[in-house]
Structure formats: C-alpha cells, structure tokens
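This report refers to the structure that appears directly beneath it.
The values are calculated or read from the model by the stated rules, or taken from the named source; none is laboratory data. Since we're looking at a predicted model, the values are computed, not measured. With ideal geometry, Cβ positions are generated from the backbone for all residues, glycine too; neighbour counts draw on all protein chains shown.
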Amino acid sequence: MAPPIPSDGLLPRVHDGIATVIIHHPAKRNAMTTAMWQEMPGLLERLAADREVRVLVLTGHGNTFCAGADIGSLRESATGAQELAVAAEEALAAFPKPTLAAIRGYCVGGGCQLAAACDLRFAAEGSSFGITPARLGIVYPDSTTRRLTALVGPATAKYLLFSAELIGAEHALRTGLVDEVRPDAQLDRRVDEFARVLASRSLLTQAAAKEFTAGPVAPERVAFWAEQARRAPDTTEGVTAFLERRTPRFTWTG
C-alpha cells in the first residue's frame, strides 16, 4: 500500500535533536495559506518547549522553499493575511534555539520573509529570491522591512522592495541574504551536517548570543544571562572536556 499523501500545512518531525518543519503546499509551490500562517506560532511554541529540540530547520516540500502567500488569502483580506504573516515571522525570529532555512527553488514574498526570520540560510544553486509587494501594491510591514534591512543593508533592501525582481542564489550570497550556496545534490547533506554541529554546541551560548545580536538588550537581561552562565554546568563541562580532549556534553536547556 502506498504511504498516505500528507495534507497541506506545516509538517514537523524531530530526530537527534533537530526539528525539521516542512512547508507543504505543492499545488501552489508551497505558498502559505491563512491556515498555515495561523498554525506556525503554536507549532513553534511546542517545538521550543521540547527539551529534545536543540535546532530548528525550516524547508519546503520538493523543489520549492515557499512561493509566498497564497493569493487567495489576500482576496479575503490583505491586511488580515499580512498580520498573520508578521505574527508567524515574529514567532520564528523569537524561537529561542538556532534556526536554519534550507532553501531550494523559489523563496519569494512571504517565503523570503520566513527565511529572513531564521538565524541562517543555506541555499541550493539555482534558487531564486524575491520580495514582491510592489507587484501587488502592498505596503511591506515595518518590522519585516527593518529585519530585511538589518540583514542585507539599506541599498539591497531597496533594490528588492522597489523592483520586486528575483535574484539568484549567488547574488543573494553576495548581499548576505544567504550564508552558503551548495549544489542541489549536496544541500540536504550540508544542512544536516551543520544542524548537527549546532546541536552539539552549548545552547546557553547560542541563546544568549541570539538575544544579544537581535538588538539593544535591557540591563536586566544582561544580568539574567550572567546569572545563567554562573549557575549552568555548560562552562565547567566545556572547559573540562577541552582539557580531557573529549566532546563536551552540554546540558543547559533553558
């Protein structure tokens, strides 16, 4: 008997400390429906609470990452769909563990919005990136625009937003929109390899660094992380493992 065909939505799986979330809507090049935008914050909250999860990988089904928002949802309410997209994006950006977007094919509109909300982005050669609200007369959200600008700089952000043109993976790499470009056949192996590296490192270090690099940090949060560092076993374990020439076993989970 053939395996059941999964329904459209966000398909999560967890293995060896790595949570993989697959954007699955193949009939529309994995465009995000209203239900999918609504689903994402709750799914991310559950994965963040899972102590087994140390890294999140976001990818698309098949040969497309995400072609943006399903235009049908914009007919219902462009403003409402945008609010849901921003809520999903913010939930992804706030995920307390490292996040990595594995991109092949189209990464456009809302798909690029989700990829930019991840900490890192690895892409296959031949992938295409674009931010397309200027084709639809939509005002791109302010928080989303600021995140894009922080990632690629104001000149590239304007190029993408003003023109709504697509750029290739090598162009995206030069501008900082992606961190690595690999041949398509190597992408999955490289993503898995790097995700395992991240999962092996100190989550304490990663979580603090993630908050510090996001922008100004309130003094009480600086004090919080200093106290976590003082109380957590990770520093002692890391130094001991280095002196004993073994792989550290970090146990801080937040």
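The listed residues are 221, 230, 196, and the only one of them that is in contact with a strand residue (DSSP E or B) (Cβ under 9 Å, 6 or more places away or on another chain), of a type in the set (Lys, Arg) and not in a loop (DSSP other than H, G, I, E, B) turns out to be 196. Does any residue of the stretch 151-163 turn out to be within 27 Å of residue 58 (Cα to Cα), in contact with a Gly (Cβ under 6 Å, 6 or more places away or on another chain), assigned by TED's automatic domain parsing to the domain that holds residue 92 and in a loop (DSSP other than H, G, I, E, B)? No. Residues in the stretch 12-48 that are in a strand (DSSP E or B) and touching a residue at least 40 places away in the same chain (Cβ under 8 Å) were compared, and the one that is nearest to residue 184 (Cα to Cα) is 23.
Checked against the criterion of being under 27 Å from residue 67 (Cα atoms), aromatic (Phe, Trp, Tyr) and surrounded by 15 or more Cβ atoms within 10 Å (Cβ to Cβ), the stretch 212-226 has no qualifying residue. Considering the stretch 208-247 alone, what residues qualify as being modelled with pLDDT under 90 and closer than 24 Å to residue 149 by Cβ? Matches in the stretch 208-247: 215 only. If I go through the stretch 49-71 residue by residue, how many of them are within 12 Å of residue 23 (Cα to Cα) and either charged (D, E, K, R) or in a loop (DSSP other than H, G, I, E, B) (or both)? Qualifying residue count, the stretch 49-71: 7. Report yes if residue 160 is modelled with pLDDT of 95 or more, crowded, with 17+ Cβ neighbours inside 10 Å and touching a Phe, Trp or Tyr at 6+ places or on another chain (Cβ under 7 Å), otherwise no. No: the conditions fail for residue 160. For the stretch 132-146, name all the residues that are under 22 Å from the mean Cα position of the chain (by Cα) and either of a type in the set (Gly, Ala, Ser) or outside the structural domain of residue 89 (by TED's automatic domain parsing) (or both). 143, the sole residue that qualifies. Output yes when any residue across the stretch 94-103 is surrounded by fewer than 21 Cβ atoms within 10 Å (Cβ to Cβ) and touching a residue at least 60 places away in the same chain (Cβ under 8 Å), and no when none is. Yes, the stretch 94-103 contains at least one residue that is surrounded by fewer than 21 Cβ atoms within 10 Å (Cβ to Cβ) and touching a residue at least 60 places away in the same chain (Cβ under 8 Å).
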